[in-house]
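What follows is a set of notes on a single structure, which appears directly below.
The values are calculated or read from the model by the stated rules, or taken from the named source; none is laboratory data. A quick note: this is a predicted structure, and the numbers were derived from the prediction, not measured. Neighbour counts run over all protein chains shown; Cβ positions are idealised from the backbone, glycine included. Accessible surface areas use protein heavy atoms only, side chains included; no ligands, DNA or RNA. Shrake-Rupley method; radii C 1.70, N 1.55, O 1.52, S 1.80 Å.
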Amino acid sequence: MSIGARRLVVGAHYGLGDWLVQRATAVVLAVYLIVLAVCVVSARPIDYDAWAGIFVPMVMKIATLIAFVALAYHAWIGMRDIWMDYVRPAGMRMALQLATILWLAGCLVWAAQILWKV
Amino acid sequence: MAARRIIRNISILDLVHYRLPVPGVLSILHRISGVLMFILLPLCLWLFELSLRSELSYRQLRAVADGWFVKIVLAALAWALAHHLLAGIRYLLLDLDLGVERAAARRSAWIVFALSVPLAAWFALVIFGVL
């Protein structure tokens, strides 16, 4: 979609930054999964106290919340790519992108609330 | 002068007999597994909340996870995570210019499937209580 002869409303050169952030968040998530797996294995046998105990220390709360933020950002870029690939009409694409942001923001707040109740 | 070959996008009906190479199959499954996890994120958070809120809700989670439909959904999620993670590691290596040649890329795609399918099968067996 173009405004005037030259100006494009898509492509503000944020593509490379987002591409890089998606890789960075992927690494964060992979590292977090390893940390969590180590915690679970060393807390065996897993019952409620052992499982909930993993998320009691502030360090683990913060690490988990950071992982959730990375997840939300990662999922946002991925879903945005999908909408940009398959949904051409600008209005519908923007509506879907907005819905994606609200969906992920809601999940993020919920995750924080779950973590800080333990 | 010979007529220029017309290059066009394939239509959706062509997909049936379009032979996608293995890295292409891996790629579309990377997308599908990502969407699946995106859609089921609230379910994961709900189960996460049940697992952490109290001793009682922890037992409630066990009861919820006993239903066969929930088990199928959890097994699908386990596959999605295994495939997305392993294919994602392959993409990170490709971004570092490792294994970009066609033969190497095909081999690494096969390796991802060789790891992700047994991993998902193992998760499924654990979820269904066979193991």
Condition met for A:Val41 (under 22 Å from B:Ala80 (Cβ atoms) and either in a helix (DSSP H, G or I) or basic (Lys, Arg) (or both)): no
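State whether the residues of the range A:48-57 include one that is within 13 Å of another protein chain (Cβ to nearest Cβ), of a type in the set (Gly, Ala, Ser) and in contact (Cβ under 8 Å) with a residue 40 or more places away in the chain.
Yes.
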Restricting attention to the range B:61-83, report how many residues are within 25 Å of A:Ala30 (Cα to Cα), within 14 Å of another protein chain (Cβ to nearest Cβ) and open to solvent by 40 Å² or more (accessible area, probe 1.4 Å). 1
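Does any residue of the range A:81-97 turn out to be open to solvent by 30 Å² or more (accessible area, probe 1.4 Å), out of contact with any Phe, Trp or Tyr (no Cβ under 6 Å at 6 or more places or on another chain) and within 22 Å of B:Phe48 (Cβ to Cβ)? Show your work before the answer.
As a first pass, look at the range A:81-97 and keep what is open to solvent by 30 Å² or more (accessible area, probe 1.4 Å): A:81, A:83-86, A:88-97.
Subset that is out of contact with any Phe, Trp or Tyr (no Cβ under 6 Å at 6 or more places or on another chain): A:81, A:83-86, A:88-92, A:94-95.
Subset that is within 22 Å of B:Phe48 (Cβ to Cβ): none.
No, the range A:81-97 contains no residue that is open to solvent by 30 Å² or more (accessible area, probe 1.4 Å), out of contact with any Phe, Trp or Tyr (no Cβ under 6 Å at 6 or more places or on another chain) and within 22 Å of B:Phe48 (Cβ to Cβ).
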Go through (1) open to solvent by 30 Å² or more (accessible area, probe 1.4 Å); (2) among the hydroxyl-bearing types (Ser, Thr, Tyr); (3) without any contact (Cβ under 8 Å) to a residue 40 or more places away in the chain for B:Tyr91 and report which single condition fails. (3)
How about the range A:31-64: which of its residues are surrounded by fewer than 16 Cβ atoms within 10 Å (Cβ to Cβ) and within 23 Å of B:Leu40 (Cβ to Cβ)? A:Val31, A:Leu33, A:Ile34, A:Val35, A:Ala37, A:Val40, A:Ile46
Please work out which residue is farthest from the chain's Cα centre (by Cα), limiting yourself to the range A:81-118 and to residues that are within 11 Å of another protein chain (Cβ to nearest Cβ) and in contact (Cβ under 8 Å) with a residue 40 or more places away in the chain. A:Val118
Search result, residues across the range B:1-51 that are assigned to a helix (DSSP H, G or I), more than 14 Å from every other protein chain (Cβ to nearest Cβ) and surrounded by fewer than 17 Cβ atoms within 10 Å (Cβ to Cβ): B:Leu13, B:Asp14, B:Val16, B:His17, B:Val22, B:Gly24, B:Val25
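Quick check on the range B:84-110: of everything there that is of a type outside the set (A, V, I, L, M) and in contact with a Ser or Thr (Cβ under 7 Å, 6 or more places away or on another chain), which residue is farthest from the other protein chains (Cβ to nearest Cβ)?
Taking the range B:84-110 as the starting set, the residues that turn out to be of a type outside the set (A, V, I, L, M) are B:84, B:88, B:90-91, B:95, B:97, B:99, B:101-102, B:106-108, B:110.
Next cut, in contact with a Ser or Thr (Cβ under 7 Å, 6 or more places away or on another chain) only: B:84, B:90, B:99.
Working: B:His84: 9, B:Arg90: 11, B:Gly99: 16 Å.
Among them, the one singled out is B:Gly99.
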